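What follows is a set of notes on a single structure, which appears directly below.
The values are calculated or read from the model by the stated rules, or taken from the named source; none is laboratory data. Please read these numbers as outputs of a predicted model, since none were measured by experiment. Using ideal geometry, Cβ is built from the backbone for each residue, glycine included, and neighbour counts are taken over all protein chains shown. When the accessible area is computed, the model is the full protein with side chains, heavy atoms only, and any ligands, DNA or RNA have been set aside. Shrake-Rupley method; radii C 1.70, N 1.55, O 1.52, S 1.80 Å.
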Amino acid sequence: MSVVCALSTRRLLRGVSPGLSTAMLRSYSLDVSAPLLRTQGYVDGHWVSTASVFPVLDPANGQELAKVSDCGPAEAKQAVDAAYRASPSWKRATAKMISEWKTAERSGSDRLSTFNQPDFGLDQNAGGERSILLRKWFDLLTRHKEDLAKLITFESGKPMKESLNEITYSASFVEWFSEEARRVYGDVVPSPLRDRKIFLLKQPVGVASIITPWNFPSAMITRKVGAALAAGCTVVVKPAEDTPLSALALAELAEQAGIPAGVFNVVPCSREKTPAVGQVLCTDPLVAKISFTGSTATGKVLLKMAADTVKKASMELGGHAPFIVFDSADVDRAVDGAMASKFRNSGQACVCSNRFLVQSGIYERFVNKLGQVMDAELRLGHGSDPRTTQGPLINQRAADKVLQQVSDAVSRGAMVLRGGKRLHGSFVEPTLLVDVTTDMLCMKEETFGPLLPVIRFTTEEEALTVANASNMGLAGYVYSQDVSQIWRVSELLEVGIVGVNEGLLSTPEAAFGGVKESGLGSEGSKYGIDEYLELKYMCLGNLQP
């Protein structure tokens, strides 16, 4: 199946800055295998059509990629009910199949059917233990990574190389949690009394609502769903309205992997229906847990809705990451880290650096080197072009926000050294600002775009004061070769994630989460699965001493 995304050269040329390469004017087509290009909702193991649809657009040129079923509160409720019905069987499934199952599966023995009996933990439709099904899902993600990456590139604008990296990253969470499913350990606690034993058990919370953003439309789902399914929870996913195709492709592969009906549900919806669908997912009493990645403002609304039924919640919210470069830093490495941290996904990442603080002794060297590298390495274009490093922003509202921050900074005395212009549609030139001060808008709010503002500082204390002067606290970056300084600053930075002499941080083995208004809880690592578990205390009393 092929969806052609073409825009005539004549139309695209109108109002285009000379900075936008003519290679961008080519026509590009989304060509993925038919099973992966799903446009219906996925509820209780069935593909569900709705009375209305909404368009998914290529942000590079505004062309329509597909029309997707516009699920509403009714479909959201059906998905919650399906997840609730599937929950008892799924949570009874063992975390890992036993070796005899492996032997039976390899030999094709009839004994394999005995493992699908209810007493073993699965009903006849389950088809395998949680760890093995997640592993099968991982294998399918890896096998279809090219097609999955194309979906990301066309619906989010991300360059193909980054989209391929995202699929690898997405699959790594499924692999990680397929293994962590076997390590949900409880405790046996020494009792103060001789006639009783104390046990602490970990059990799945139940149905989890998963609400994800557009900037990492695959990885944000697998990081949450992988942990939830490994823990024994069932899920209802509401993907961002800009990027539902990636979520639906993941559902298709989950079905192919044998994940049972009702365990993994996806309800795509338009921006107009999002509040009503979110209301169901956050207030339905059958939902035990919500996990959300997105803006702090939206996260607060969801928390208020979830409060009435006291749901467990984890939130990965906005960031405003400081990037501190001290005089002792290796300038070349600091510039490389700034490029990696700031311009990945055109600056549309919650952990991307937002405020660049450079000490006076190396300020000029850092700025000059950074400008040279930006000139040499950054190239705007459609994500399908292999030469592209910077795609469009997700929509024109995002571009407007970047330009507003640039205009505000210039009006307050900042100087534009590179970029600063709006190109066609939602394309914005990668922009370098100097002579930045703390009263500027770009230093007060998250940008989510390719804007790099640099502020000069003199002392370590000054840098920490500026870095911590935010209600956000997701990520922070420190470049220094002074070990004592590294420890001091890392401990004093009010963030949940610190990159020391490193601009790319994310990995499934590490905990991912913020402090202050950047979120609640952690994702990834051995701690990520705990977000989908509850602790039960069991006291076994009246034992014979």
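Restricting to segment 514-545, name every residue that is closer than 23 Å to residue 234 by Cβ and small (Gly, Ala, Ser).
Across segment 514-545, the qualifying residues are 521, 522, 524, 525, 528.
Give, as residue ranges, the helices (runs of 4 or more DSSP H) completely inside segment 326-432 that count at least 1 residues that are within 19 Å of residue 164 (Cα to Cα) and of a type in the set (S, T, N, Q).
331-343
Scan segment 146-188 for residues that are outside any helix (DSSP H, G or I) and out of contact with any Leu (no Cβ under 6 Å at 6 or more places or on another chain) and jot them down.
Result: 157, 158, 159, 184, 185, 188.
Out of all the residues in segment 78-93, is one or more in a loop (DSSP other than H, G, I, E, B), in contact with a helix residue (DSSP H, G or I) (Cβ under 7 Å, 6 or more places away or on another chain) and either at pLDDT below 95 or not hydrophobic (A, V, I, L, M, F, W, C) (or both)?
yes
Give just the number: which of (1) open to solvent by 10 Å² or more (accessible area, probe 1.4 Å); (2) out of contact with any Cys (no Cβ under 7 Å at 6 or more places or on another chain); (3) not β-branched (Val, Ile, Thr) does residue 343 not satisfy?
For residue 343, the failing item is (1).
For segment 189-201, indicate whether the set of residues that are polar (S, T, N, Q) and free of Cβ contacts under 8 Å to residues at least 40 places away in the same chain is non-empty.
yes
Run down 236, 267 and say which single residue is closer than 19 Å to residue 48 by Cβ, modelled with pLDDT of 95 or more, among the β-branched types (Val, Ile, Thr) and out of contact with any Asp or Glu (no Cβ under 7 Å at 6 or more places or on another chain).
Being closer than 19 Å to residue 48 by Cβ, modelled with pLDDT of 95 or more, among the β-branched types (Val, Ile, Thr) and out of contact with any Asp or Glu (no Cβ under 7 Å at 6 or more places or on another chain) holds for just one of 236, 267, which is 236.
So which residues in segment 404-440 are β-branched (Val, Ile, Thr) and surrounded by fewer than 24 Cβ atoms within 10 Å (Cβ to Cβ)?
Answer for segment 404-440, where residues must be β-branched (Val, Ile, Thr) and surrounded by fewer than 24 Cβ atoms within 10 Å (Cβ to Cβ): 410, 416, 434, 436, 437, 438.
Within segment 441-545, which strands (runs of 3 or more DSSP E) (wholly inside it) include 3 or more residues that are open to solvent by 70 Å² or more (accessible area, probe 1.4 Å)?
Filter on segment 441-545 gives 533-540.
Of all residues in segment 271-298 being over 28 Å from residue 52 (Cβ atoms) and under 19 Å from the mean Cα position of the chain (by Cα), which is modelled with the highest pLDDT? Give the derivation first.
Within segment 271-298, the first condition is being over 28 Å from residue 52 (Cβ atoms), and the residues that meet it are 288-289, 296.
Next, only the ones that are under 19 Å from the mean Cα position of the chain (by Cα) stay: 289, 296.
On the way: 289: 98, 296: 95.
Among those that are over 28 Å from residue 52 (Cβ atoms) and under 19 Å from the mean Cα position of the chain (by Cα), it is 289.
Quick test for you: out of 401, 369, 312, pick the one residue that is open to solvent by 10 Å² or more (accessible area, probe 1.4 Å), touching a Gly at 6+ places or on another chain (Cβ under 8 Å) and at negative phi.
Of 401, 369, 312, the one residue that is open to solvent by 10 Å² or more (accessible area, probe 1.4 Å), touching a Gly at 6+ places or on another chain (Cβ under 8 Å) and at negative phi is 401.
Okay, residues lined up against (1) at pLDDT 95 or above; (2) surrounded by 21 or more Cβ atoms within 10 Å (Cβ to Cβ); (3) farther than 26 Å from residue 141 by Cα; (4) in contact with a Lys or Arg (Cβ under 7 Å, 6 or more places away or on another chain):
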| site | (1), (2), (3), (4) |
| --- | --- |
| 41 | yes, yes, no, no |
| 50 | yes, no, yes, no |
| 68 | yes, yes, no, no |
| 104 | no, no, no, yes |
| 116 | no, no, no, no |
| 121 | no, no, yes, yes |
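Name the pairs: first residue in segment 480-499 and in contact (Cβ under 8 Å) with a residue 12 or more places away in the chain, second residue of a type in the set (S, T, N, Q) and surrounded by 13 or more Cβ atoms within 10 Å (Cβ to Cβ), Cβ to Cβ under 6 Å, at least 6 apart or on different chains?
480/328; 481/328; 482/328; 486/480; 494/468; 498/490
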